[in-house]
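The values are calculated or read from the model by the stated rules, or taken from the named source; none is laboratory data. Owing to the predicted nature of the structure, the values given are computational and were not obtained by experimental measurement. FYI the Cβ positions are ideal-geometry reconstructions off the backbone, even for glycines, and counts take in every protein chain you see. Ligands, DNA and RNA are stripped out before the accessible areas are found, and what is left, the full protein with its side chains, is counted by its heavy atoms. Shrake-Rupley method; radii C 1.70, N 1.55, O 1.52, S 1.80 Å.
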Amino acid sequence: QGKVATLMAASPGELGGLRGLVTVRLILGNIGVTVLPTQVAVSKADQAFAADGTLADETAKKRVAAAVEELVRAATAFAAT
């Protein structure tokens, strides 16, 4: 309780693990975690990552970076209360 989270998934499928995030959101909410509304699902994950493990797609990189920035802001705000 008293934690904040953002959800991300990666899957070789077209939805990128999006369906699983619904369940994870419910579980975390039930145990008192504040789950931010922004979530990222990377589809075609078997092709989405470079050999060094970084995301190859610039759009996906930007979505992940934005979600992480939102999480940091929220966590900082939660810590201040």
Exercise for the section: State the number of residues belonging to the range 1-57 that are hydroxyl-bearing (Ser, Thr, Tyr) and farther than 19 Å from Leu71 by Cα. Expected result: 4
Handout entry: Count of the range 42-57 residues which are farther than 14 Å from Glu14 by Cβ and hydrophobic (A, V, I, L, M, F, W, C)
Key = 5
Practice task
Provide a single number: the residues in the range 1-50 that are touching a Lys or Arg at 6+ places or on another chain (Cβ under 7 Å) and open to solvent by 80 Å² or more (accessible area, probe 1.4 Å).
Solution key: 1
Exercise for the section: Take the residues in the range 55-65 that are under 15 Å from the mean Cα position of the chain (by Cα) and more than 17 Å from Leu18 (Cβ to Cβ), then tell me which one is least open to solvent (accessible area, probe 1.4 Å). Expected result: Ala65
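Results for (1) in a loop (DSSP other than H, G, I, E, B); (2) closer than 11 Å to Leu7 by Cβ; (3) at pLDDT 95 or above, shown as yes or no for each residue.
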| site | (1), (2), (3) |
| --- | --- |
| Arg25 | no, yes, yes |
| Val35 | no, yes, yes |
| Val40 | no, yes, yes |
| Gly53 | yes, no, no |
| Ala60 | no, no, no |
| Ala65 | no, no, yes |
| Val68 | no, no, yes |
| Leu71 | no, yes, yes |
| Ala79 | no, no, no |
Problem - Criterion: of a type outside the set (Ser, Thr, Tyr) and in contact with a helix residue (DSSP H, G or I) (Cβ under 8 Å, 6 or more places away or on another chain) - qualifying residue of Val33, Val40, Val24, Val64 - result: Val40
